[in-house]
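A.B. asks: Have a look at the structure that comes next, please.
The values are calculated or read from the model by the stated rules, or taken from the named source; none is laboratory data. This is a predicted model, so every value here is computed, not measured. Positions of Cβ are generated from backbone atoms using ideal geometry, with glycine treated the same way; all protein chains shown enter the neighbour counts.
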Amino acid sequence: MRERQKRNMLATLLLAQGTPMLLAGDEFGRTQNGNNNAYCQDNELNWIDWESVADGGSDLIDFVRKLIALRKAYPILHRGRFIVGEYNEELDVRDATWLSPGGDEMTPEQWQDPNAKCFGVVLDGRAQPTGIRRRGADATLLVVLNAYHDVVEFTLPAVPDGDSWVCLIDTNVPDRIQDTPHDFDEVYEVTGRSFLLFVLEHKARRSRSVRTGRGALLDIAEQPFRQRMA
């Protein structure tokens, strides 16, 4: 659970808009024993223990490498415009749509529900990417976050320009590279306290966006950090 929570926090940071900021050692689980203000500590508390990389830290490094590769592969994860979640009538597209586990758009009542622990957001690659008023051509992504302690059944939404979703990141199974498309309206069991990233797919024509994401993940799987250190 602790390792999964590390992956959840790193995925939330590195796949969010804006500039991600990591402290040296975050990529392999350096904690400073919980001290977030250790700048004046010239001792083991603040020193970077590079040996801990070999003691299991390399797996987390590879996960961070995957997140960085996906961030670089999909421009929609680092756009220069604010995502506002409003419908653009002229372009007939909404840049972000927040979803309940039922796959429907979140209502004001659901946003106010203190028991709501799981939700998703569709980042529509057709949304305007620059100041020029025209549609984008980026990949469409689905992010699902589950803070509940148990499995939540999440209905995968139907969106334009595709017919299924491919899971690229599941913090519960960080080493698995999925290739099986999941149909629209399929119920996906989201593990408790986990983070998932899907990319939109069209099964009849394997989209470049899927190949791009899988290619980035496979490059890292074929050259793990432990092997690069040998």
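Residues checked against (1) at pLDDT 95 or above; (2) surrounded by fewer than 22 Cβ atoms within 10 Å (Cβ to Cβ):
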| residue | (1), (2) |
| --- | --- |
| 164 | no, yes |
| 171 | yes, no |
| 177 | no, yes |
| 180 | no, yes |
| 187 | yes, yes |
| 202 | no, yes |
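Residue-wise test of (1) under 24 Å from residue 123 (Cβ atoms); (2) of a type in the set (Gly, Ala, Ser); (3) surrounded by 15 or more Cβ atoms within 10 Å (Cβ to Cβ).
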| site | (1), (2), (3) |
| --- | --- |
| 3 | no, no, no |
| 8 | yes, no, yes |
| 19 | yes, no, no |
| 26 | no, no, yes |
| 33 | no, no, no |
| 36 | no, no, no |
| 43 | no, no, no |
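A.B. asks: Can you tell me which residue in region 69-105 is surrounded by the fewest Cβ atoms within 10 Å (Cβ to Cβ), limited to those that are touching a residue at least 60 places away in the same chain (Cβ under 8 Å) and among the charged types (D, E, K, R)?
C.D. replies: Across region 69-105, the extreme among qualifying residues is 72.
A.B. asks: Then there is this: Do the conditions hold for residue 66, that is, is it touching a residue at least 60 places away in the same chain (Cβ under 8 Å), touching a His at 6+ places or on another chain (Cβ under 9 Å) and not hydrophobic (A, V, I, L, M, F, W, C)? Show your work before the answer.
C.D. replies: Numbers: touching a residue at least 60 places away in the same chain (Cβ under 8 Å): yes; touching a His at 6+ places or on another chain (Cβ under 9 Å): no; not hydrophobic (A, V, I, L, M, F, W, C): yes.
When the stated conditions are applied, residue 66 does not pass them.
A.B. asks: If you don't mind, there's one more thing I want to ask. Report the residue count in region 44-89 for those that are part of a helix (DSSP H, G or I) and either over 16 Å from residue 168 (Cα atoms) or of a type in the set (S, T, N, Q) (or both). If you could, list the steps in order and put the result at the bottom.
C.D. replies: Going through region 44-89, the residues part of a helix (DSSP H, G or I) turn out to be 51-73, 75-78.
Keeping just the survivors that are either over 16 Å from residue 168 (Cα atoms) or of a type in the set (S, T, N, Q) (or both) gives 51-61, 78.
Going through region 44-89 one residue at a time, the tally reaches 12.
A.B. asks: May I ask you to list pairs of residues, at least six apart or on different chains, whose Cβ atoms are under 7 Å apart, with the first in region 10-36 being farther than 20 Å from residue 169 by Cβ and the second being among the β-branched types (Val, Ile, Thr)?
C.D. replies: Hits for this filter: 24/48; 25/48; 30/48.
A.B. asks: Looking at residue 116, is it among the aliphatic types (A, V, I, L, M), surrounded by 14 or more Cβ atoms within 10 Å (Cβ to Cβ) and under 30 Å from residue 65 (Cβ atoms)?
C.D. replies: no
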